[in-house]
1. Enumerate by residue number the trypsin sites (Lys or Arg not before Pro) in the stretch 14-83 meeting two conditions: DSSP loop (anything except H, G, I, E, B), and at most 13 other Cβ atoms within 10 Å of the site's Cβ.
2. I'd like the FRET efficiency for E76 and T32, computed as 1/(1 + (r/R0)^6) with the beta carbon distance as r and R0 of 30 Å, rounded to 0.05.
3. Ignoring ligands and nucleic acids, what accessible area does S67 show with a 1.4 Å probe (Å², nearest 10)?
4. Under 11 Å from the Cβ of V54, count the other residues' Cβ atoms, weight Lys and Arg +1, Asp and Glu -1, and hand me the total.
5. Sort D24, D65, D47, D34 from largest to smallest accessible area, using a 1.4 Å probe on the heavy atoms of the protein chains.
6. What do you reckon, how do L74, L28 stack up by accessible area (1.4 Å probe), largest on top?
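The values are calculated or read from the model by the stated rules, or taken from the named source; none is laboratory data. Keep in mind that what you see is a predicted model, and the values were worked out from it rather than measured. All Cβ positions, even for glycine, are placed from backbone atoms using ideal geometry, and neighbour counts span all protein chains on display. Calculation scope for accessible area: heavy atoms of the full protein, side chains included, ligands and nucleic acids excluded. Shrake-Rupley method; radii C 1.70, N 1.55, O 1.52, S 1.80 Å.
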Amino acid sequence: MDGTFYREVIMRKPEVFKMACLRDIQRLFGETSDSPFYAGFGNRITDALSYRSVNVPPSRIFTIDSSGIVKMELLELTGYKSS
């Protein structure tokens, strides 16, 4: 069974795969360089957590819901509201 399928469908943990991919990309740029990620976009809170795992600032992580509304869920968890 494909590992990606297992993690996303069976375990219901797609963030495990995404975090590993993001870390692999980060390693390609070396430890001494700035982060290759400026912002992160996804459709679930687990996407936001994946981007935080590679040090994308919470203020640059956006979640887009099914109706196209862009949210900053990680900041909203701390009480932040935007207009």
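1. Details: sites: K18, R23, R27, R44, R52, R60, K71, K81; in loops: R44, K81.
Qualifying residues, ordered by number: K81.
2. Details: r = 34 Å, r/R0 = 1.13.
About 0.30, to the nearest 0.05.
3. Accessible area of S67: about 90 Å².
4. Numbers: positive: K18, R23, R27, R52; negative: D24.
So the environment of V54 carries a net charge of +3.
5. Numbers: D24 80, D65 50, D47 25, D34 130 Å².
Final ranking, largest accessible area leading: D34, D24, D65, D47.
6. Values: L74 30, L28 145 Å².
Ranked from most to least accessible, the order is L28, L74.
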